[in-house]
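Take a look at the structure set out below.
Just so it is clear, none of the values below were taken in a lab; they were calculated from the coordinates. Predicted, not measured: the structure shown is a model, and the values here were computed from it. Please note: Cβ atoms are built from the backbone with ideal geometry, for glycine as well, and neighbour counts cover all protein chains shown.
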Amino acid sequence: MKKSKIIDGIKISNEIIDKIKNQVKKRIQKKAKIPYLAVIIIGDNPASKIYVQKKENKCKEVGFISKTFYFSKEVRETKVINLIKSLNKDNNIDAILVQLPLPNHINKNKIINSISIYKDVDGFNPYNTGSLCQGTPKLRPCTPKGIMSLLNAYNIKTHGLNAVVIGASNVVGRPMGLELLLAGCTTTITHRFTKNLKEYTKLADLLIVAVGKANFINSDWIKDKAIIIDVGINKLKNGKIVGDVNFKSMLLKASYITPVPGGVGPMTIASLLENTLEACKNLSKIKN
Ligand code: GUN
């Protein structure tokens, strides 16, 4: 039996990051605007703090400017919306991201919908989600975009594949389904109410798992030579980070598989940097 090819998200994300660094250098030479990302974080969710720190560090690494705005978990919704409104108007700011999840008293959609469609680098507001749905994507949600970049980088032809997504969140599952549809896959999005999930996963040429449950999918759930993309990041009691897929069990059965860590994770940030640069370029065109 042939061993599965392991998709190296660190390598591919570094290639993207290097390209962005070069573009920033060129922009400096041309005296063009340097991309500026504003990040808003509410409350003290430890995972969110780590993600936001990583985003800031990567921005610095490529030469972007970034600023993080911290709010306590009791903050009033209007205060956050007022900040977003002022960032929308600020010509220095190209990109705005509100780290999720938000505290329960804050209406997530109201917050997301208040971000300028041109600065919505998460691609979560209705204009950007709708554009992807229409098949004319503008700013695309970062994790699904990063997964499409991985498939592209490995020359995986998606047209006609049976793609199955597990998980229907607004952040990953739904936009992932739209990306796959756009890429010519016959796409099924499954979720917590799906009956007989295994009947779907067994049919998948391409399986994307985003459920947040350690080792949820085993090799007897997939068909031979399936391409397996694992979005999960789960911390076990012993501190080890694992995905939603039982990685070892797949290694003789899958054709391609992403590891955790080092697969999809680094691609999310790479896509965010791409989106920030794209937003900056587009806004410069609008202003000039
Ligand atoms: N929380 C988990 N993933 C994401 C993401 O991609 N964007 C934002 N804003 N928050 C998240």
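Ignoring lysines fewer than eight residues from residue 110 along the same chain, the ones with Cα atoms less than 23 angstrom from its Cα are 49, 67, 73, 79, 85, 89, 119, 138. The three principal axes of the Cα atoms in the range 80-156 give end-to-end lengths of 44, 31, 22 Å, sorted in falling order. Computed about its Cα centre, the charge dipole of the range 106-262 is approximately 340 debye, with only Lys, Arg, Asp and Glu carrying charge at their Cβ. Spacing of the modelled spin labels on residue 155 and residue 196, each 7 Å from Cα toward Cβ, amounts to 3.9 nm. Tally Lys/Arg at +1 and Asp/Glu at -1 over every other residue whose Cβ is under 12 Å from the Cβ of residue 145; what's the total? Its environment carries a net charge of -2.
Contour minus end-to-end for residue 133 and residue 181, with contour as 0.36 nm per residue of separation and end-to-end as the Cα-Cα distance?
16.4 nm
Amide H contacts for residue 158 (H built 1.01 Å from N in the peptide plane; partners 5 or more residues away or on another chain; cut-off under 5 Å): none found.
What you get for the chain, charging only the Cβ of Lys and Arg (+1) and of Asp and Glu (-1), is a dipole of about 520 debye around the Cα centre. Each of 216, 168, 71 was scored by the projection of its Cα onto the charge dipole of the chain, and the greatest displacement toward the positive side belongs to 71; charges sit on the C-beta of Lys, Arg, Asp and Glu.
Please report how far the C-alpha centroid of the range 191-234 lies from that of the range 52-110, rounded to the nearest whole angstrom. Answer, in whole Å: 33.
Listed by chain and number, the aspartates and glutamates whose alpha-carbon sits under 13 Å from that of residue 21, ignoring those within fewer than 8 places in the same chain, are 61, 274.
When the chymotrypsin sites (Phe, Trp or Tyr not before Pro) in the range 156-264 are filtered for DSSP coil states and for at most 14 other beta-carbon atoms within 10 Å of their beta-carbon, the remaining sites are 193.
Rounded, prolate or oblate for the range 1-80? Axes are the square roots of the Cα gyration tensor eigenvalues, ordered a ≥ b ≥ c, and the cut-off for rounded is a/c under 1.5.
Values: a/c = 3.84, a/b = 1.25, b/c = 3.07.
Cα axes put the range 1-80 in the oblate bin.
Taking a straight line from the alpha carbon of residue 223, these aspartates and glutamates sit under 18 Å away, with near neighbours fewer than eight places off in the same chain left out: 199, 205, 244.
Using every pair of alpha-carbon atoms in the range 111-238, split the distances into 5 Å bins beginning at 0 and state the percent of pairs per bin, rounded to integers. P(r) for the range 111-238, in whole percents per bin: 2, 11, 20, 22, 19, 13, 8, 4, 1, 0. Length available on full extension from residue 170 to residue 108: 0.36 nm per residue minus the Cα-Cα distance, which gives 21.2 nm. Rg/Rh for the chain (Cα atoms only, Rh after Kirkwood) is 0.97. Straightening the chain between residue 234 and residue 49 buys 65.0 nm, computed as 0.36 nm per residue apart minus the Cα-Cα spacing.
Working from Cα pairs under 8 Å separated by at least six residues, relative contact order for the chain is 22 percent. A Gaussian network model of the chain, with springs between Cα atoms under 10 Å, assigns the largest mean-square fluctuation among 31, 119, 157 to 31.
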